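*Asks:* My questions will all concern the structure given below.
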Amino acid sequence: MKKITDLQGTFQLHNGVQMPYFGLGVYLSKDGNEVISAVKNALDHGYRHIDTASIYNNEEGVGEGIKQSNVGRGDIFLVSKVWNTDQGYDTTLRAFDASLERLGTDYLDLYLIHWPKEKSRETWKAMERLYQEKRVRAIGISNFLKHHVEDLLVEADIVPMVNQMEFHPYLVQQELVDFCHSKGIQYEAWSPLMQGHIFDLDNMKQLAEKYKKSIAQIVLRWDLQKGVVTIPKSSKKDRIIANADLFDFEINNQDMQLLDSLERGKRFGPDPDNFDF
Ligand code: NAD
């Protein structure tokens, strides 16, 4: 694994593609000025990875933010996801085209199945086609527990390159992380800041004081040292910049274990085994 040394560092996916291990999440960033300036500010301050989805309804703004930034499309790792109601073979192909159109680009770096559904094996066949046609540099899944992954692999020709999961100190699921990594599937954290709840944890306050870093920087640094890609969300320029300032320190083994030990199976988002959308 590469050393975690700078904002533009990457983890290598199993097909050789380099995925920037740190990115900007834009869930709930409003389309228009809010998401445009978030994306532009992030890119102009060193981010090279943007995570959106068709269901976020802000792909047009993301595309506009990229255009307004000082960074070329080829230097950006752009991710979107196929929404549940678009799952299926033809519908996934159409959803992909629609996302490209809204984003104003002709390829994606990573396309994910947003949630496991009955049609996910069929959806995966469409993802494989998009990959083989070189319209997307990597394909993956999101919210797939072990049994979902195993079910997908029964008919898959290509092993997913990434699994994007809720991940933070209250939901580590180390067995799932290890399972994915054993299959060559890069683990990625969504809601790494517990949707803001991380800032209330006493352990985090103590670690932040000890390392003289912010709580966000501590938890995001923990993600990267665990080999997990992370995509914190903020629309505020100062937070976007500060969240990425985590390459001048290292969390020691004991404190890494302390963070791991906070695990309590607590979700702030939906349960992949029990959701109704
Ligand atoms: P998050 O854990 O990144 O937390 C975001 C919240 O923390 C926001 O309210 C933000 O204002 C606040 N925040 C950010 N930096 C801060 C700072 N320095 N100080 C104080 N508050 C700060 O939550 P998220 O947005 O749910 O997750 C991150 C990204 O993951 C999303 O934007 C999205 O791209 C992705 N995601 C994917 C899925 C999925 O199903 N695949 C689900 C949820 C999120």
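*Asks:* Output the residue which, of all residues in the range 209-236 that are within 11 Å of the ligand (Cβ to nearest atom) and touching a His at 6+ places or on another chain (Cβ under 9 Å), is nearest to GLN12 (Cα to Cα).
*Replies:* Going through the qualifying residues, I end up with VAL229.
*Asks:* Can you tell me how many residues within the range 142-160 are farther than 22 Å from SER54 by Cα and either in contact with a His (Cβ under 9 Å, 6 or more places away or on another chain) or modelled with pLDDT under 95 (or both)?
*Replies:* Residues meeting the conditions: 1.
*Asks:* Which of the residues belonging to the range 121-159 are closer than 21 Å to TYR56 by Cβ and either within 13 Å of the ligand (Cβ to nearest atom) or open to solvent by less than 10 Å² (accessible area, probe 1.4 Å) (or both)?
*Replies:* THR123, ALA126, MET127, LEU130, VAL136, ALA138, ILE139, GLY140, ILE141, SER142, ASN143, PHE144
*Asks:* Could you check how many residues of the range 168-184 are within 13 Å of the ligand (Cβ to nearest atom), open to solvent by less than 20 Å² (accessible area, probe 1.4 Å) and more than 15 Å from the chain's Cα centre (by Cα)?
*Replies:* Initially, the range 168-184 is screened for residues within 13 Å of the ligand (Cβ to nearest atom), giving 168-171.
Applying the additional criterion that residues be open to solvent by less than 20 Å² (accessible area, probe 1.4 Å) yields 168-169, 171.
With more than 15 Å from the chain's Cα centre (by Cα) added as a condition, the list becomes 169, 171.
Summing the residues that are within 13 Å of the ligand (Cβ to nearest atom), open to solvent by less than 20 Å² (accessible area, probe 1.4 Å) and more than 15 Å from the chain's Cα centre (by Cα) in the range 168-184 gives 2.
*Asks:* Looking at (1) of a type outside the set (Val, Ile, Thr); (2) farther than 28 Å from HIS147 by Cα; (3) buried (at least 20 other Cβ atoms within 10 Å of the Cβ), find the lone condition where ASP86 falls short.
*Replies:* (2)
*Asks:* Let me ask something else about it. For the range 25-71, give me each residue that is open to solvent by 40 Å² or more (accessible area, probe 1.4 Å), in a loop (DSSP other than H, G, I, E, B) and more than 28 Å from ILE141 (Cβ to Cβ).
*Replies:* HIS45, ASN70
*Asks:* Using beta carbons and a limit of 7 Å, which pairs, at least six apart or on different chains, have the first residue in the range 97-126 and without any contact (Cβ under 8 Å) to a residue 24 or more places away in the chain and the second one of a type in the set (Val, Ile, Thr) and within 16 Å of the ligand (Cβ to nearest atom)?
*Replies:* Pairs that qualify, where the first residue is without any contact (Cβ under 8 Å) to a residue 24 or more places away in the chain and the partner is of a type in the set (Val, Ile, Thr) and within 16 Å of the ligand (Cβ to nearest atom): there are none.
*Asks:* In this structure, is VAL162 within 14 Å of the ligand (Cβ to nearest atom), among the β-branched types (Val, Ile, Thr) and touching a residue at least 60 places away in the same chain (Cβ under 8 Å)?
*Replies:* Yes, satisfied.
*Asks:* Now for a different question. Go through the range 72-91 and give me each residue that's in a helix (DSSP H, G or I), more than 19 Å from TYR21 (Cα to Cα) and either within 16 Å of the ligand (Cβ to nearest atom) or not hydroxyl-bearing (Ser, Thr, Tyr) (or both).
*Replies:* ASN84, THR85, ASP86, ASP90
*Asks:* Within the range 185-195, does at least one residue satisfy the condition of being over 15 Å from the mean Cα position of the chain (by Cα) and either of a type outside the set (Ser, Thr, Tyr) or surrounded by 21 or more Cβ atoms within 10 Å (Cβ to Cβ) (or both)?
*Replies:* No: zero hits.
The values are calculated or read from the model by the stated rules, or taken from the named source; none is laboratory data. Fair warning: this is a prediction, and the values are worked out from it, not measured in the lab. No Cβ is skipped: glycine too gets one built from the backbone with ideal geometry, and neighbour counts run over all protein chains shown. Keep in mind that these areas ignore ligands, DNA and RNA; they rest on the heavy atoms of the full protein, side chains included. Shrake-Rupley method; radii C 1.70, N 1.55, O 1.52, S 1.80 Å.
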